[in-house]
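Input: a single structure, listed below in structure tokens.
The values are calculated or read from the model by the stated rules, or taken from the named source; none is laboratory data. All values derive from a computational prediction rather than experimental measurement. Heads up, the Cβs are rebuilt from the backbone with ideal geometry, glycines too, and the neighbour counts pull from every protein chain shown.
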Amino acid sequence: MNILITILIVLGSLIALLLIIALLTKKEFSLEKQVVINKSKQEVFNYLKLIRNQEHYSVWVMKDPHIKIIYTGTDGTVGFTSSWESNDKNVGIGEQEIKKITEGESMEVVIRFKKPFEATNYALTTVSAAGNDQTKVTNLFYGKSKFPMNIMNLVMDKVVGKDMQQNLVNMKYNLEK
């Protein structure tokens, strides 16, 4: 009986500690990753503004060969939507929609996750000249996490940031080959 009480006290203390940490953790998060691609700025922008191209560089899309994707609208234009459904818990169910395009400069999308958790986040991708036929691509992922899930913001870079960087590396490879 004493062991059971000790286990319950330890478990309760851990949960309380996590909740206290979550109370002290910011709800807003932002991650930024960059890569330089050896192609012209316009060529890079023309590639990245097409959401369908993510099938060839997004690690999340490529994780599940059985992913179901439905595209709605005209790709590369405001309002275009990509909805996905996957049984892979790392991919889940959700959709992204192009919210704003500044031609040749940037694209902003809203990402609505439905499973394995509900969240609405944003991604802003910008391109800038980095030299002769070189383009710097910057991807900013940002949003707000509800309490107590905001505790995940402490490890967001390790969990999401490495995949963001790999997406950029994959994009670079595709454009430079």
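Numbers for the structure displayed
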read-out	value
Selected residue [exposed (fewer than 12 other Cβ atoms within 10 Å of the Cβ) and of a type in the set (A, V, I, L, M)] from Leu24, Leu50, Leu124, Leu19	Leu24
Test: residue in the range 39-52 that is in contact (Cβ under 8 Å) with a residue 24 or more places away in the chain and closer than 24 Å to Ser145 by Cβ	no
Exclusive hit being in contact with a strand residue (DSSP E or B) (Cβ under 9 Å, 6 or more places away or on another chain), not polar (S, T, N, Q) and not in a strand (DSSP E or B), set Val91, Val155	Val91
Failed criterion for Glu95 (all others in (1) among the charged types (D, E, K, R); (2) over 22 Å from Asn46 (Cβ atoms); (3) crowded, with 17+ Cβ neighbours inside 10 Å; (4) in contact with a Gly (Cβ under 9 Å, 6 or more places away or on another chain) hold)	(4)
Qualifying residue in the range 60-71 (condition: under 24 Å from Asn174 (Cα atoms), among the β-branched types (Val, Ile, Thr) and in a strand (DSSP E or B))	yes
Answer from Asp64, Asp88, Asp157, Asp75 - the residue that is surrounded by 13 or more Cβ atoms within 10 Å (Cβ to Cβ) and within 19 Å of Lys33 (Cβ to Cβ)	Asp157
Considering residues of the range 9-33 that are touching a helix residue (DSSP H, G or I) at 6+ places or on another chain (Cβ under 7 Å) and not in a helix (DSSP H, G or I) only, the residue modelled with the lowest pLDDT	Thr25
